[in-house]
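For reference, the structure is listed below as structure tokens.
The values are calculated or read from the model by the stated rules, or taken from the named source; none is laboratory data. On a predicted model such as this, the values are computed, not experimentally measured, just so you know. For neighbour counting, all protein chains shown are included, and Cβ atoms are generated from backbone atoms with ideal geometry for every residue, glycine included. Ligands, DNA and RNA are stripped out before the accessible areas are found, and what is left, the full protein with its side chains, is counted by its heavy atoms. Shrake-Rupley method; radii C 1.70, N 1.55, O 1.52, S 1.80 Å.
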Amino acid sequence: MLNKPFIKILSLYLIIAVFALALPAPGWAMLIPAGQAVTRSTDQTKVQSALESSVIKQRLLDFGLTPEETTARLNRLSDEQVHRLAANMDAVQAGGDVLGDVIVILLIVIIVIAVLELTGHHVIMRR
């Protein structure tokens, strides 16, 4: 059996390591080659084609936006906003990204159980 000071130090280290790994990584700024630059018109075409989906069209109508109003609002967006919207269109899934949330919740539960066990508290599961 390991001695208590070692277990306390190890658990503290693991807690700090988990929180340190949760911090965002630094970004790298680079120049984009001229052939890979995306123009506003291609981004706007991509967004417009997504807005033509019957499900999205109906949802916008439910919010009280006609197709003409939607197009007008899309035209008022800046180039950067249109590009971000077009880039995020590929990442959107029908049910959302549930897998990432489930993994985070499982990791939190495992960490809590490990800390409780290491501090002498016992986790008992009954039916």
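Descriptive notes on the structure:
- Residues LYS8, LYS57, ordered by accessible area of protein heavy atoms at a 1.4 angstrom probe radius and largest first, appear as LYS8, LYS57.
- Nearest-0.05 FRET efficiency for THR45 and ASN88, computed from C-beta distance (R0 22 Å): 0.90
- Estimated at the nearest 10 Å², the accessible area of GLU80 is 120 Å² with a 1.4 Å probe.
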